[in-house]
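Each reported figure results from applying straightforward, stated rules to the coordinates on display, with no laboratory input. Note that the structure is a prediction, hence the values are computed from the model and not measured. Cβ coordinates were reconstructed from backbone atoms using ideal geometry, including for glycine residues, and neighbour counts include every protein chain displayed.
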Amino acid sequence: MKQISSRFSMAVHILSMISLDPLYSTGDRIARSVNSNPVVIRRIMAQLKKAGYIDTKPGVAGASLLIPPERLTLLDIFQAVESVDGNELFKIHKDTDPNCSVGMNIESVLLPQLSNAQKAMEHELASVTLAQIVEQLRMKTNVK
């Protein structure tokens, strides 16, 4: 099964680190924590900055959140870093055989199911905030 890219989980990782310790959250430090190339981290941070969620300054260590973690949902983060064409998470193949009973009807039958699955995922992501993730991280690591 093809997966959604890891940009989303990396973005949550980045935002969690910034929330826990903004001054220590440099691109290089985050890249070590994520175990990724610093260029990849900078690209994701640029997407988060473009979305208005973080601020970074050239030559200055660390980053800062521009939105309180209580107001930033996993859905917000997902939408900032994952490109979903036309707001459709699932793509349906086109140019099916119009003379085939399955080919002529598959899109109209399958589309509502896929739409419901996407809405369920979005609902779940919208119900979890960055603050909740950070609190769970604090509990696991005993960080105050």
> Label 7 Å along Cα→Cβ of residue 136; the range 6-25 residues with amide nitrogen under 15 Å?
Replying inline: 9-17
>> Compute the angle between helix 7-20 and the longest alpha-carbon principal axis of the chain, please, reported from 0 to 90 degrees and rounded to the nearest 10.
In response: 30 degrees
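What chymotrypsin sites (Phe, Trp or Tyr not before Pro) in the range 1-98 are in a loop by DSSP, with at most 16 other Cβ atoms within 10 Å of the Cβ?
Passing sites in the range 1-98 are 90.
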> Quick one: longest stretch of the chain between exposed loop GluC sites (Glu not before Pro), exposed meaning at most 12 other C-beta atoms within 10 Å and loop per DSSP?
Replying inline: 1-69
>> Given points 7 Å out from each Cα along the Cα-Cβ axis, report the residue 64 to residue 110 separation in nanometres with one decimal.
In response: 4.9 nm
>> Can you find, among 120, 103, 61, the residue sitting farthest towards the positive end of the charge dipole of the chain, where Lys and Arg contribute +1 and Asp and Glu -1 at Cβ?
In response: 61
> Nearest 10 degrees, 0 to 90: what angle lies between the long axis of helix 106-126 and the longest principal axis of the chain (Cα atoms)?
Replying inline: 20 degrees
>> Test of understanding: what is the full-extension gain from residue 23 to residue 6, defined as 0.36 nm times their sequence separation minus their Cα-Cα distance?
In response: 3.7 nm
> Which loop trypsin sites (Lys or Arg not before Pro) in the range 1-109, with loop taken from DSSP, have no more than 16 other Cβ atoms within 10 angstrom of their Cβ?
Replying inline: 2, 71, 91, 94
>> Please report Rg (one decimal) and Dmax (integer) in Å for the Cα set of the chain.
In response: 18.9, 65
> Looking at the chain, how many pairs of lysines come closer than 23 Å at the Cα, when each pair is eight or more places apart or spans two chains?
Replying inline: 6
> So which residue, out of 20, 65, 114, gets the largest mean-square fluctuation from a GNM of the chain using Cα contacts under 10 Å as springs?
Replying inline: 114
